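**Q** Right, I'll just put the structure down here and ask away after.
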Amino acid sequence: MNPWPAEAVWEAVAPLLPGFTVEVLPEVDSTNSELMRRARSGQAEPVLLVAERQTAGRGRLGRPWQSAAGASLTFSLGLPLAPVDWSGLSLAVGASLAENLHPAVRLKWPNDLWVEERKLGGILIETASFGEGAGARYAVIGVGINIAPRPAEGLSTPPAALQDLLPGAGPEAVLARLALPLVRDVQGFEQAGFRAFQARFAARDVLRDRAVVLSDGTAGTAHGVGEDGSLLVHTAAGLQAIASSEVSVRPAAP
Ligand code: BTN
């Protein structure tokens with residue numbers, strides 16, 4: 001394994017985030033769970049927590065997140081955040097990651113990184129309250145990216161891997177290219193909200209103009225995302241703005 005760029009990431013990010021630290025753990029249940037535990041016990045400093053191995057990685061909607069040491073990048077960025085409106089944060093994070101990974105990486109609403117119809121990575125955002133003041137919450141932005149190809153493990157198609165696009169890329173180098181732009185973009189989101197990311201998301205939107213099916217069975221055609229990050233779907237009942245993070249959506253079979 002290559003050395004983790006903890007020092008370089010810290011040097012680049014600390015001027016933007018006073019009190020920032022970088023931590024690399026050989027193993028943890030889940031970097032998101034660890035930062036949520038810390039936040040609930042009053043630790044609300046900005047931190048980038050990387051795990052070489054997660055024993056209980058979590059995805060959206062209560063799904064497990066599978067990863068393997070050396071073959072995946074798994075990290076969480078934790079920081080106090082006080083945007084006027086939180087909606088669209090996972091889309092803004094997705095745009096930041098995709099732009100800094102490879103031109104072929106696209107975004108599937110609300111939080112997936114995709115390459116050619118296969119999932120490359122995902123984002124899980126959780127928040128915890130901290131302190132007495134209103135407004136700011138502690139945000140935990142978890143990112144999992146498949147770096148090396150791995151077997152399908154029961155899936156009909158194997159997940160995408162970044163090495164298909166960037167041969168030889170390792171998790172350490174990928175972290176080095178993502179961390180600073182991610183912090184900048186999260187701070188940009190805090191200042192300006194999703195509106196500032198709408199065109200960036202649209203440029204990589206996998207679902208745009210495609211037939212989709214929502215997890216409640218509703219079928220329609222996706223028409224991009226609104227200013228608040230909701231997915232606009234033209235259905236038999238008219239144009240619906242899907243905002244719920246509890247909804248999943250998939251392209252309809254051709
Ligand atoms: C999804 O696609 O549903 C989101 C996957 C998020 C996985 C990352 S890996 C690092 C962080 N820790 C976790 O337990 N989950 C996120």
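**Q** Of all residues in segment 225-254, which are at positive phi and surrounded by 15 or more Cβ atoms within 10 Å (Cβ to Cβ)?
**A** Taking segment 225-254 and keeping what is at positive phi, we get 229, 238.
Matches in segment 225-254: Gly229 only.
**Q** Pairs, please: C-beta under 7 Å, at least 6 apart or cross-chain, first residue touching a residue at least 60 places away in the same chain (Cβ under 8 Å) and crowded, with 19+ Cβ neighbours inside 10 Å and in segment 63-77, second assigned to a loop (DSSP other than H, G, I, E, B) and not basic (Lys, Arg)?
**A** Trp65/Gly57; Trp65/Gly59; Ser67/Gly57; Ser72/Ile147; Leu73/Ile147; Thr74/Gly57; Thr74/Ser67
**Q** Going by the structure shown, is Pro110 under 12 Å from the mean Cα position of the chain (by Cα) and not in a strand (DSSP E or B)?
**A** Spelling it out, Pro110 is indeed under 12 Å from the mean Cα position of the chain (by Cα) and not in a strand (DSSP E or B).
**Q** Moving on. Can you tell me which condition Pro158 does not meet? The list is (1) in contact with a Pro (Cβ under 7 Å, 6 or more places away or on another chain); (2) part of a helix (DSSP H, G or I), and all the others hold.
**A** Here Pro158 meets the rest and fails (2).
**Q** Under the condition of being among the polar types (S, T, N, Q) and open to solvent by 30 Å² or more (accessible area, probe 1.4 Å), which residue from segment 118-148 is farthest from the ligand (Cβ to nearest atom)? Working first, answer last.
**A** Going through segment 118-148, the residues among the polar types (S, T, N, Q) turn out to be 127, 129, 146.
Right, trim to open to solvent by 30 Å² or more (accessible area, probe 1.4 Å) and you get 127, 129.
Details: Thr127: 14, Ser129: 20 Å.
Looking at the filtered set, the residue picked out is Ser129.
**Q** Quick one: in segment 39-59, of everything that is assigned to a loop (DSSP other than H, G, I, E, B) and of a type in the set (A, V, I, L, M), which residue is modelled with the highest pLDDT?
**A** Our first condition is that a residue be assigned to a loop (DSSP other than H, G, I, E, B); within segment 39-59, this holds for 41-46, 52-53, 55-57, 59.
Those left that are additionally of a type in the set (A, V, I, L, M): 44, 56.
On the way: Ala44: 95, Ala56: 98.
Going through the qualifying residues, I end up with Ala56.
**Q** Additional query: So Leu97 ticks every box in (1) farther than 16 Å from Ile141 by Cα; (2) away from the ligand (no atom under 11 Å from the Cβ) but one. Which box is left unticked?
**A** The failed condition is (1).
Table: residues versus (1) open to solvent by less than 40 Å² (accessible area, probe 1.4 Å); (2) in a helix (DSSP H, G or I); (3) under 23 Å from Arg58 (Cα atoms).
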| residue | (1), (2), (3) |
| --- | --- |
| Met1 | no, no, no |
| Glu7 | no, yes, no |
| Glu11 | no, yes, no |
| Leu16 | no, no, no |
| Glu23 | no, no, yes |
| Asn32 | yes, yes, yes |
| Arg37 | no, yes, yes |
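**Q** Which one of these is open to solvent by 30 Å² or more (accessible area, probe 1.4 Å), within 30 Å of Phe20 (Cβ to Cβ) and out of contact with any helix residue (DSSP H, G or I) (no Cβ under 6 Å at 6 or more places or on another chain): Ala211, Ala219, Ala192, Ala202? Even if it seems obvious, please write down each step before you answer.
**A** Working: Ala211 fails: within 30 Å of Phe20 (Cβ to Cβ); Ala219 fails: within 30 Å of Phe20 (Cβ to Cβ); Ala202 fails: within 30 Å of Phe20 (Cβ to Cβ).
Selected residue: Ala192, the only one of Ala211, Ala219, Ala192, Ala202 that is open to solvent by 30 Å² or more (accessible area, probe 1.4 Å), within 30 Å of Phe20 (Cβ to Cβ) and out of contact with any helix residue (DSSP H, G or I) (no Cβ under 6 Å at 6 or more places or on another chain).
The values are calculated or read from the model by the stated rules, or taken from the named source; none is laboratory data. Here the structure is a predicted model, which means the values were calculated and not measured. Every residue, glycine among them, receives a Cβ derived from its backbone with ideal geometry; neighbour counts consider all protein chains shown. Calculation scope for accessible area: heavy atoms of the full protein, side chains included, ligands and nucleic acids excluded. Shrake-Rupley method; radii C 1.70, N 1.55, O 1.52, S 1.80 Å.
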